[in-house]
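Engineer: If you scroll down you'll find the structure; I have some questions about it.
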Amino acid sequence: MAFLFPLFGWAQKVHDFKDSLVVSNRFATVIVNNATGRVSYRFSSGAYISNAIAYVEDLRLGFIPSPGFSRHVYHTSHVEDSLGKGVRITITHSMIRPGTSAGPDATTSAGPDATTNAGPDATTNAGPGAGQSLSLIQHITLYEDRPCLLLNVEATSVPETDFQWETRHISPIAILPSQNGHLFVPGDEPRILDVPFDNDNWVNVVERKWNDDQHRDASGISYEFTSVYDNQTMQGLVLGSVSHDFWKTGIAYHAGNGQGDVDSLNVFGGVATQDNPALPADYGGKDGTHDYMPHGTMRGITVHSPMVYLSASTDVREDAKGYGQANVLFNGSRIWKGAPPFYWNSFGVEGVLGYEKVMMPDGVRQTSDFIRTLDHFNSYSKPVLSIDSYDQSVYSTEVLAALSNYAAKQGQQLGFYFSPFSVWTWKNSVDQAMVPGTSYPLREVILRDNHHQPIPYKDGDWGCFPIDPTHPATRLGIIAQLQKAKAINARFLKIDFLTAGSLESSVRYDTTIRSGIQAYNFGMTMLRHLVDSIMGPDIFITQAISPMFPSQYAHARFVSTDVYSHLRNDQKGFPSWGSTEASLATGSHMGWVQGTLWPYTNLDITIMQHFQKNPDLSEQEIKVRIYALMVMGSILGDGSDYRQPLAVERARIFLNNPAVDAWFSHPRAFTPLKWADGDSMDQQMVFRLKGDTTFLCLFNFSKQAAFTDTLRTRDMGLSRSRYVIQDFLTGTVLGQVEKDQTSFILTVPKESALMVRLVRKAQQ
């Protein structure tokens, strides 16, 4: 017999069957098998997960899956939190250790709103953990008006015992072949999104396919979040962690043999991977956590997993946006009240400023003079002269302060660069080097492996070494840097190489900090408080190389590693990294972070002539680069040498364009209609932004042929009206859409991009 328990007339329904519990809303159904403890999920989009489990791997007891416990007791309760109203399912998987007993008189009550069922062989509703030595407690929350669920698990032992868990591997949802687990998404072009841990080493977001003979056996690890979806319909699901206080979350996957089938997908806290030069960079070579040590262990009477977000609506782009919003609700975010910065960054001219004497202080003043002439560029906020890494003997604090005063007279402000959790030095001088700005030797602060050897972050004779975010020397070093930034009146901070602070280590000053991400949070919280107290609250912070999560400490973050602005990585004469195509291919799957995790993204700088010593760019490449920044919701930065006449001429065309500057005064990320797919550099992508005026941008990175796309008016959100198609940069009318048209066609030449406005015409 089935029983229906409506909870206060809300959209959720709870059915308590003899062998299972079924909880559903209009988006999803959760089925708990009370004999095995396994959980299945069915979604209205057609995706489903069968026989998912939770598990903990204890250092002494080993791997314990939820079905491995002897009893499975569930109950439901009403919950109302920052995501809304919902039903929480709590499943207690328990076992009695030798020498313990629940006792004959054990009773409990789950409360008036709960449903409980101990399974067919139970003699008592003992409740969560009562009388048991060891329990694995699963929480699954299904919301009334959202297509998402929240999942977590905790392992616990009763207080009377002296047993403490210790784990570096715990999962709230695992789909494993050994447990008959299975995941399926409908459609003809299934994909798994494989996301790198950070934005270092020019690694890309990878779209793994497995629906043909060439791409069978897709497997790997995505970090923090993933999406399994159909590339045509955009239907599927999104899975990812929304807690980032202790665990680095890994999502290990293996695609099945059938179309849309995934036979293994394991979301677990405790991932730590070392770079493997034998593998391609995007496929295990450099896309991991860069650790030399295993993940730190969580220890206690109770240990818990990451909180995991699961959503499967009819549009994974909306699921991803919901994932970003959930992260903000759980962790907070930085808010920027003023206009976003327009900035010039010195790295595009000379990497370490002054080191090769390419850009000396007089050159910075010349740059300031030129930027002052760009009236539209100056219209929205004080432009920033962002001084990147520099030769201390040339760019002393006094010289930087003088440049700041000069810039202030031009209506500009200075930016400041530093790396809070790393020290660059010669490898053979690690034992003698000092932490800059302190009296502490580096050897006392450096992170170390299991053999007590220094961990290299950027290996080489001249290398970068990670330092302990919890050590007093790190705090003193940050204070020294921020005092320098204040002395030069900087209002813009670029912080770099932050991943160093998240590395696992065998030693830390604060012994209560047990994992790399826990240490990273400690350091970033400290940094944020020091910025506010030393420099003031209105300092714009952009993160360069950094983990994607935790995200709440900055106003913007690089979408990818440094971008050199050439069109493609395989372009003759240019580096095989840092192209606009590579950064946008990754960015096409990441636009949802703008307006959720950060007020803005940062797709790095444009270049008007050439990046450092690279060849000159064409005007077409510059246009494509600017459009790439636009569709990503990026702030506007440039890194050109304005002592070069061609750079000056182009800046007046592109950077002083009224439409461009008005756009970047309020940047917004577009929605991808056709995003990057696969490893080819010949990507053809389409982005749309709805509004009073609809914007469309088409990118064609192919070297061979033009890109023609048929666009449906309903996908554009257009009403039955007449529209003029207008080129964004020039205002030139390219065509029109009649009120009865259901589609229209746009064509982009090879190696180019097209940005248009769809302007509604008044009725005649």
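Engineer: Is at least one residue of region 708-721 surrounded by 13 or more Cβ atoms within 10 Å (Cβ to Cβ), part of a loop (DSSP other than H, G, I, E, B), in contact with a helix residue (DSSP H, G or I) (Cβ under 7 Å, 6 or more places away or on another chain) and not assigned by TED's automatic domain parsing to the domain that holds residue 591?
Structural biologist: no
Engineer: Within the set of pairs 6+ apart or on separate chains, which have a first residue in region 523-539 that is in contact (Cβ under 8 Å) with a residue 12 or more places away in the chain, a second that is of a type in the set (Ser, Thr, Tyr), and C-beta atoms under 6 Å apart?
Structural biologist: That search, which allows pairs on different chains as well, returns 524/553; 528/553.
Engineer: Can I ask one more? Consider residue 390 against the criteria (1) closer than 30 Å to residue 145 by Cα; (2) touching a Ser or Thr at 6+ places or on another chain (Cβ under 9 Å); (3) among the hydroxyl-bearing types (Ser, Thr, Tyr): it satisfies all of them except one. Which criterion is unmet?
Structural biologist: For residue 390, the failing item is (1).
Engineer: Further question: I need the full set of residues from region 336-370 which are part of a loop (DSSP other than H, G, I, E, B), hydrophobic (A, V, I, L, M, F, W, C) and buried (at least 21 other Cβ atoms within 10 Å of the Cβ), in order please.
Structural biologist: From region 336-370, those part of a loop (DSSP other than H, G, I, E, B) are 336-341, 349-352, 354-360; that's our starting set.
Keeping just the survivors that are hydrophobic (A, V, I, L, M, F, W, C) gives 336, 339, 349, 352, 358-360.
Residues satisfying the conditions are 349, 359.
Engineer: Further, regarding this structure: If a residue has to be closer than 20 Å to residue 200 by Cβ and among the small types (Gly, Ala, Ser) to count, how many in region 449-475 make the cut?
Structural biologist: Qualifying residue count for the region: 2.
Engineer: Among the candidates 331, 378, single out the residue that is at pLDDT 95 or above, surrounded by fewer than 21 Cβ atoms within 10 Å (Cβ to Cβ) and either among the aliphatic types (A, V, I, L, M) or closer than 17 Å to residue 407 by Cα (or both). Give the steps one after another, and end with the answer.
Structural biologist: Values: 331 fails: either among the aliphatic types (A, V, I, L, M) or closer than 17 Å to residue 407 by Cα (or both).
Exactly one residue qualifies, and that residue is 378.
Engineer: Collect the residues in region 609-645 that are crowded, with 20+ Cβ neighbours inside 10 Å and within 18 Å of residue 573 (Cβ to Cβ), keeping them in residue-number order.
Structural biologist: Those that are crowded, with 20+ Cβ neighbours inside 10 Å and within 18 Å of residue 573 (Cβ to Cβ): 609, 610, 611, 617, 621, 622, 624, 625.
Engineer: Looking at (1) part of a loop (DSSP other than H, G, I, E, B); (2) within 28 Å of the chain's Cα centre (by Cα); (3) in the same structural domain as residue 487 (by TED's automatic domain parsing), which one does residue 456 not meet, given that it meets all the others?
Structural biologist: Here residue 456 meets the rest and fails (3).
Engineer: So how many residues does region 268-289 have that are part of a loop (DSSP other than H, G, I, E, B) and either over 18 Å from residue 224 (Cα atoms) or not small (Gly, Ala, Ser) (or both)? Give the steps one after another, and end with the answer.
Structural biologist: The initial filter retains those residues of region 268-289 that are part of a loop (DSSP other than H, G, I, E, B), namely 270-280, 284-289.
Among the residues that remain, those that are also either over 18 Å from residue 224 (Cα atoms) or not small (Gly, Ala, Ser) (or both) are: 271, 273-280, 286-287, 289.
Within region 268-289, residues that are part of a loop (DSSP other than H, G, I, E, B) and either over 18 Å from residue 224 (Cα atoms) or not small (Gly, Ala, Ser) (or both) number 12.
Engineer: Shifting gears a bit: I'm told residue 543 meets every condition in (1) buried (at least 23 other Cβ atoms within 10 Å of the Cβ); (2) touching a Pro at 6+ places or on another chain (Cβ under 8 Å) except one. Can you identify the failing condition by its number?
Structural biologist: (2)
Engineer: Being under 13 Å from residue 484 (Cβ atoms) and either of a type in the set (Ser, Thr, Tyr) or in the same structural domain as residue 653 (by TED's automatic domain parsing) (or both) narrows it down to one of 364, 399, so name that one.
Structural biologist: On the way: 364 fails: under 13 Å from residue 484 (Cβ atoms).
That would be 399, the only listed residue that is under 13 Å from residue 484 (Cβ atoms) and either of a type in the set (Ser, Thr, Tyr) or in the same structural domain as residue 653 (by TED's automatic domain parsing) (or both).
Engineer: Could you check how many residues of region 195-232 are of a type outside the set (A, V, I, L, M, F, W, C), in contact (Cβ under 8 Å) with a residue 60 or more places away in the chain and in contact with a Gly (Cβ under 8 Å, 6 or more places away or on another chain)? Spell out how you get there, then give the answer.
Structural biologist: Start the filter on region 195-232 by keeping residues that are of a type outside the set (A, V, I, L, M, F, W, C), which leaves 196, 198-201, 204, 207-209, 211-217, 219-220, 222-224, 226-227, 229-232.
Going one step further and asking which of them are in contact (Cβ under 8 Å) with a residue 60 or more places away in the chain, we end up with 196, 198-201, 204, 207, 209, 220, 223-224, 227, 229, 231.
Imposing the further condition that a residue be in contact with a Gly (Cβ under 8 Å, 6 or more places away or on another chain) reduces the set to 196, 207, 209, 220, 223-224, 227, 229, 231.
Within region 195-232, residues that are of a type outside the set (A, V, I, L, M, F, W, C), in contact (Cβ under 8 Å) with a residue 60 or more places away in the chain and in contact with a Gly (Cβ under 8 Å, 6 or more places away or on another chain) number 9.
Engineer: Would you call residue 233 surrounded by fewer than 24 Cβ atoms within 10 Å (Cβ to Cβ) and of a type in the set (Val, Ile, Thr)? Step through it out loud before you land on a result.
Structural biologist: On the way: surrounded by fewer than 24 Cβ atoms within 10 Å (Cβ to Cβ): yes; of a type in the set (Val, Ile, Thr): yes.
Against the criterion (surrounded by fewer than 24 Cβ atoms within 10 Å (Cβ to Cβ) and of a type in the set (Val, Ile, Thr)), residue 233 qualifies.
Engineer: Let me ask another. For residue 724, which of the numbered conditions (1) over 32 Å from the mean Cα position of the chain (by Cα); (2) part of a loop (DSSP other than H, G, I, E, B) fails to hold?
Structural biologist: It fails just one condition, (2).
Engineer: Taking residue 11 as the residue in question, decide whether it is modelled with pLDDT under 90, out of contact with any Leu (no Cβ under 6 Å at 6 or more places or on another chain), among the aliphatic types (A, V, I, L, M) and in the same structural domain as residue 137 (by TED's automatic domain parsing). So that I can check it myself, show each step before the final result.
Structural biologist: Numbers: modelled with pLDDT under 90: yes; out of contact with any Leu (no Cβ under 6 Å at 6 or more places or on another chain): yes; among the aliphatic types (A, V, I, L, M): yes; in the same structural domain as residue 137 (by TED's automatic domain parsing): yes.
In short, yes.
Engineer: Anything in region 74-110 that is assigned to a strand (DSSP E or B), at pLDDT below 95 and closer than 17 Å to residue 157 by Cβ? List them, or say none.
Structural biologist: Within region 74-110, 94, 95 qualify.
Engineer: Scan region 646-667 for residues that are buried (at least 17 other Cβ atoms within 10 Å of the Cβ) and of a type outside the set (A, V, I, L, M) and report the count.
Structural biologist: 8
Engineer: Which condition breaks for residue 722 when tested against (1) modelled with pLDDT of 95 or more; (2) in contact with an Asp or Glu (Cβ under 8 Å, 6 or more places away or on another chain)?
Structural biologist: (1)
Engineer: Could you identify the single residue in 192, 251, 175, 170 that is free of Cβ contacts under 8 Å to residues at least 60 places away in the same chain and either buried (at least 24 other Cβ atoms within 10 Å of the Cβ) or over 25 Å from residue 551 (Cα atoms) (or both)?
Structural biologist: On the way: 192 fails: free of Cβ contacts under 8 Å to residues at least 60 places away in the same chain; 175 fails: free of Cβ contacts under 8 Å to residues at least 60 places away in the same chain; 170 fails: free of Cβ contacts under 8 Å to residues at least 60 places away in the same chain.
One residue alone meets the criteria, 251.
Engineer: Quick check on region 440-449. Is at least one of its residues in contact with an Asp or Glu (Cβ under 8 Å, 6 or more places away or on another chain), part of a helix (DSSP H, G or I), without any contact (Cβ under 8 Å) to a residue 60 or more places away in the chain and within 27 Å of residue 555 (Cβ to Cβ)?
Structural biologist: no
Engineer: While we're on this one: Scanning region 290-332 for residues that are out of contact with any strand residue (DSSP E or B) (no Cβ under 7 Å at 6 or more places or on another chain) and part of a loop (DSSP other than H, G, I, E, B), which turns out nearest to residue 168 (Cα to Cα)? Please lay out each step first, then the result.
Structural biologist: Within region 290-332, the subset out of contact with any strand residue (DSSP E or B) (no Cβ under 7 Å at 6 or more places or on another chain) is 290-293, 313-315, 318, 321, 324-325, 327-332.
Filter once more, keeping what is part of a loop (DSSP other than H, G, I, E, B): 290-293, 313-315, 332.
Values: 290: 17, 291: 14, 292: 15, 293: 12, 313: 32, 314: 35, 315: 34, 332: 26 Å.
Filtering first and then ranking leaves 293.
Engineer: Looking at the structure I just gave you, is residue 437 surrounded by fewer than 18 Cβ atoms within 10 Å (Cβ to Cβ), in contact (Cβ under 8 Å) with a residue 24 or more places away in the chain, at positive phi and out of contact with any Cys (no Cβ under 7 Å at 6 or more places or on another chain)?
Structural biologist: When the stated conditions are applied, residue 437 passes them.
Engineer: Looking for something at pLDDT 95 or above and under 23 Å from residue 508 (Cα atoms) - is there at least one such residue anywhere in region 393-412?
Structural biologist: So far as region 393-412 goes, no, none of its residues is at pLDDT 95 or above and under 23 Å from residue 508 (Cα atoms).
Engineer: Determine, yes or no, whether residue 211 is touching a Pro at 6+ places or on another chain (Cβ under 9 Å) and buried (at least 20 other Cβ atoms within 10 Å of the Cβ).
Structural biologist: Numbers: touching a Pro at 6+ places or on another chain (Cβ under 9 Å): yes; buried (at least 20 other Cβ atoms within 10 Å of the Cβ): yes.
Yes: the conditions hold for residue 211.
The values are calculated or read from the model by the stated rules, or taken from the named source; none is laboratory data. The shown structure was predicted, so the numbers you read here are calculated from the model rather than taken from an experiment. A quick note on method: Cβ atoms are made from the backbone with ideal geometry, for glycine too, and the neighbour counts reach across all protein chains shown.
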